[in-house]
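Since the structure comes first, as structure tokens, the remarks are kept for the end.
The values are calculated or read from the model by the stated rules, or taken from the named source; none is laboratory data. Note that the structure is a prediction, hence the values are computed from the model and not measured. Cβ placement follows ideal geometry from the backbone for every residue including glycine, while neighbour counts extend to all protein chains displayed.
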Amino acid sequence: MPGAAAAARSILTQLHEVMAARTHAQAKLNRVVDIIGEALDSEVCSIYLLREGMLELFATRGLNQSAVHVTRLGVGEGLTGTIAANIETLNLDEAATHPEFQYRPETGEEKFHSFAGVPIVRRARSVGVLTVQHVDPRKYEEVEIEALQTVAMVLAELIANAGLVDEEDLGERQGAQSGQVVLDGLQLVKGLAYGKAVFHQPRVNIEQTVAEDTEAERQRVYLAFDKMREQIDQMAGQAEFGVGGEHEQVLETYKMFAYDEGWSRRINEAIDSGLTAEAAIERVQQRTRMRMREIQDPLLQDRMHDLEDLANRLIRIVSGQLGTAATMGLHGDSILVAKNLGPAELLEYDKRRLKGVVLEEGSHTAHVVIVARAMGVPVIGRLRNLRGMVREGDMLLVDGDAAKLTLRPAQGVLDAFETRFAQKKQRQAAYAKMREVKPVTRDGQRVEVMMNAGLRDDVGMLNVTGADGIGLYRTEFQFLVSAALPQRDRQTRLYRDVLETAGDKKVIFRTVDLGGDKSLPYLASDTGREDENPAMGWRALRLALEREGLMKVQARALLEGAAGHELNVMFPMVSEPWEFDAAKQVFTSQIAYLKKRKHKLPSAISYGVMLEVPSLAECLDILLPKISFISIGTNDLTQFLFAADRSNPILAERYDWLSPSILRFLSRVVRECAGQPVDLGVCGEMGGRRLEALALVGLGIRRLSITPAAVGPIKELVCSIDAAEIGSAMQGWLANPPKDLRAELQAWAEAHGIEVE
Ligand code: PEP
Ligand code: MG
């Protein structure tokens with residue numbers, strides 16, 4: 001037997017001719033089994049194809065011809081069915097000894113002892129099986145199996161081109177074959193959603209497997225490797241690649257694979273056998289997948305993900321299909337499947353069709369999660385091995401409330417989910433009734449329930465929810481969705497629009513909070529530095545104060561956009577009072593400039609800060625006389641107080657917002673602000689959860705700014721609280737913290753008839 005490459009090439013050359021011939025599909029398949037049988041010197045060669053959910057014998061050399069289109073096996077039935085079901089290769093010297101062996105008398109196969117079969121795979125699913133059989137009881141050699149596997153790839157193309165398997169049908173059937181799977185993850189955004197799985201970075205469909213010019217294919221792969229390595233090296237310098245402590249390890253593995261000579265050599269060998277560059281990469285990947293499955297080492301399987309990621313990237317580079325699913329557009333209700341996403345990437349999706357997001361990573365306060373929450377899209381994170389289990393087009397049920405993802409649900413499960421979905425919609429409609437209700441506690445304390453926004457369309461939610469205003473308008477979202485720094489007139493237009501839509505409701509504009517996990521390629525490129533710890537790095541006000549063109553332009557845009565309106569400006573990440581002074585100064589000089597030119601100014605201007613860096617709390621006495629309001633950003637505050645990266649999935653559940661440290665910190669700020677002419681509120685995600693909001697009211701917080709979807713539920717909660725009662729309970733717990741404050745508070749709420757779920 002010649003080498004694998006030569007064996008495969010000789011078969012591929014002949015197959016190429018068959019595929020190009022103008023005969024009908026059946027004649028082509030008949031010819032294919034002859035070619036393979038002869039090349040492998042095998043007495044039997046058969047092709048089974050999936051039709052109406054059964055594997056049907058479509059062509060054979062060596063078995064009884066009368067069995068063609070008569071012998072049919074279920075997926076998972078017999079040796080052939082097992083190969084299709086598990087997408088695995090079998091190589092047996094004595095077929096009958098295999099536990100799944102089934103004898104089909106009509107085929108006349110009893111005289112053949114040895115058996116080998118490989119799945120014919122299209123879009124990661126079996127569409128058929130290619131088998132060879134021999135009278136002598138001997139195992140097929142490795143090179144023969146490899147040749148068969150290569151041929152199976154080409155057959156997949158032939159079969160698809162000839163329309164021999166129904167691609168639409170395929171999704172449903174194989175889904176049924178792999179069955180329902182339920183995965184537990186981390187709740188990131190509550191809510192229910194269902195739809196078809198769409199990969200953020202879709203797998204490329206390989207349309208041509210046999211090469212016309214081997215040298216040209218080799219060159220394509222060579223260039224693609226170069227480009228991929230360049231990308232990986234670039235990623236190494238980018239903050240959003242990997243997280244925290246994992247960062248280096250992940251990166252190292254990626255680099256190791258990207259520069260692995262063995263990998264590129266194997267791809268080159270596959271090209272030698274006559275495959276196109278794309279097919280060669282996929283071929284090598286298939287082989288690696290099969291090997292990994294045999295090893296079953298969880299650590300190695302983890303690494304397999306990285307390799308899959310890279311192989312997919314390489315195929316996309318080689319085929320020039322570089323876009324994400326967003327650029328291709330969503331069709332129908334979709335659930336986005338990704339390892340992780342940036343906020344800007346999520347914003348690229350069509351909001352009407354994107355129903356849910358499921359991630360392998362993710363954490364509560366990562367900005368992508370905040371954006372998803374603002375979009376009203378449920379998110380489940382930390383679903384290990386997700387991309388290995390889901391296939392494009394699978395039906396997915398996202399239960400963000402229970403942090404459960406169901407893949408390929410059985411019909412009954414889908415029906416029950418749809419019923420829950422409808423009930424939830426009804427409940428939401430009930431919350432909509434809260435729209436007109438003023439949030440006042442049972443003992444008469446008015447709590448302002450405002451909403452967070454950042455997209456132009458969010459502002460409409462003011463009316464839908466009946467929120468008291470916008471307590472946090474994240475102006476950086478406009479920057480995140482733009483390909484270049486938004487010009488001043490675009491900013492002005494947005495701010496004017498927002499204020500006009502909000503009418504007489506208050507809007508607090510936060511100046512840009514870029515950097516951290518909200519990095520922008522057009523900002524990073526000209527800085528000449530890369531932050532090792534972006535969350536604690538050159539971000540938000542630190543960046544804005546140094547970038548002349550940023551803060552000044554935004555100040556002008558805000559002042560002009562708010563001409564004739566009340567303008568409330570809030571600065572993010574103020575760590576020391578002088579930063580507030582410097583930021584305010586930018587506004588003061590812009591006001592002077594506008595005055596000089598007799599431009600119309602806002603009717604009133606107030607300045608405030610976000611309290612999210614703990615150091616600021618030490619200087620409140622200096623700061624308070626200068627400002628009109630403070631908004632506590634509990635997302636960042638928590639990460640800085642606990643020194644726990646908010647986007648690190650490993651730390652996602654480690655620290656509780658209801659821990660004595662956070663609550664005591666907040667209580668102290670409330671005390672210091674009491675009696676001062678400064679409005680105090682909380683605008684982190686914490687305030688949008690009912691139990692946490694109960695605690696905040698207990699601490700004396702009277703303004704919450706939360707995600708729009710939470711406004712109804714939180715208003716309802718406020719109306720069910722006696723502020724004095726929870727206030728004194730809270731003081732008791734803070735003085736003498738119980739072991740589990742969350743559990744204590746939960747029990748207290750239950751005892752007082754307050755619904756907190
Ligand atoms: C916060 O840090 O709590 C906050 C509201 O701001 P952001 O989430 O945008 O950093
Ligand atoms: Mg923040």
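The residues in segment 642-671 that are within 13 Å of ligand 2 (Cβ to nearest atom) and more than 25 Å from the chain's Cα centre (by Cα) can be counted, and the count is 0. Can Gly675 be described as more than 14 Å from ligand 1 (Cβ to nearest atom) and surrounded by fewer than 19 Cβ atoms within 10 Å (Cβ to Cβ)? So Gly675 fits the description; yes. Considering the conditions (1) out of contact with any Leu (no Cβ under 8 Å at 6 or more places or on another chain); (2) not in a helix (DSSP H, G or I), Val377 is excluded by exactly one of them, (1). Quickly run through segment 202-229 and pick out the residues that are within 24 Å of the chain's Cα centre (by Cα) and surrounded by fewer than 18 Cβ atoms within 10 Å (Cβ to Cβ). Across segment 202-229, the qualifying residues are Pro202, Asn205, Arg229. With the condition kept exactly as written, say whether any residue in segment 290-308 is at pLDDT 85 or above and in the same structural domain as Arg218 (by TED's automatic domain parsing). The answer is no, given that none of the residues of segment 290-308 is at pLDDT 85 or above and in the same structural domain as Arg218 (by TED's automatic domain parsing). Among the helices (runs of 4 or more DSSP H) confined to segment 539-638, the ones with at least 3 residues that are within 16 Å of ligand 1 (Cβ to nearest atom) and without any contact (Cβ under 8 Å) to a residue 60 or more places away in the chain are located at 540-546. Would you confirm, using the coordinates I've provided, whether Arg408 is over 11 Å from Val182 (Cα atoms) and touching a residue at least 12 places away in the same chain (Cβ under 8 Å)? No, not satisfied.
Restricting attention to segment 689-702 and to residues that are crowded, with 24+ Cβ neighbours inside 10 Å and not hydrophobic (A, V, I, L, M, F, W, C), the residue that is nearest to ligand 1 (Cβ to nearest atom) turns out to be Glu692.
Please verify whether His69 is more than 43 Å from the chain's Cα centre (by Cα), closer than 19 Å to Leu155 by Cα, at pLDDT 90 or above and surrounded by fewer than 16 Cβ atoms within 10 Å (Cβ to Cβ), treating the condition exactly as stated. It is true that His69 is more than 43 Å from the chain's Cα centre (by Cα), closer than 19 Å to Leu155 by Cα, at pLDDT 90 or above and surrounded by fewer than 16 Cβ atoms within 10 Å (Cβ to Cβ). No other residue among Val127, Val132 is aliphatic (A, V, I, L, M), in contact (Cβ under 8 Å) with a residue 24 or more places away in the chain, surrounded by 22 or more Cβ atoms within 10 Å (Cβ to Cβ) and farther than 30 Å from Ala197 by Cα apart from Val132. Screening Leu637, Leu624 for residues that are touching a Cys at 6+ places or on another chain (Cβ under 9 Å) and among the aliphatic types (A, V, I, L, M) leaves exactly one candidate, Leu624.
Mind counting the residues in segment 313-341 that are surrounded by 18 or more Cβ atoms within 10 Å (Cβ to Cβ) and either modelled with pLDDT of 85 or more or in contact with a Lys or Arg (Cβ under 9 Å, 6 or more places away or on another chain) (or both)? Summing the residues that are surrounded by 18 or more Cβ atoms within 10 Å (Cβ to Cβ) and either modelled with pLDDT of 85 or more or in contact with a Lys or Arg (Cβ under 9 Å, 6 or more places away or on another chain) (or both) in segment 313-341 gives 12. Of all residues in segment 351-370, those that are in contact with a Lys or Arg (Cβ under 9 Å, 6 or more places away or on another chain) and over 22 Å from Leu407 (Cβ atoms) total 6. Report, by residue number, each residue of segment 413-461 that is surrounded by fewer than 19 Cβ atoms within 10 Å (Cβ to Cβ) and small (Gly, Ala, Ser). Answer for segment 413-461, where residues must be surrounded by fewer than 19 Cβ atoms within 10 Å (Cβ to Cβ) and small (Gly, Ala, Ser): Ala416, Ala422, Ala429, Ala430, Ala432, Gly444, Gly460. Just one residue in the set Ala432, Ala403, Ala416 is among the small types (Gly, Ala, Ser) and under 25 Å from the mean Cα position of the chain (by Cα); that residue is Ala403.
Which one is nearest to the chain's Cα centre (by Cα) among residues in segment 712-752 that are part of a loop (DSSP other than H, G, I, E, B) and more than 19 Å from Arg427 (Cα to Cα)? Looking at the filtered set, the residue picked out is Asp740.
Considering only residues of segment 489-519 that are within 15 Å of ligand 2 (Cβ to nearest atom) and modelled with pLDDT of 95 or more, which is surrounded by the fewest Cβ atoms within 10 Å (Cβ to Cβ)? Per the criteria, the residue is Phe509.
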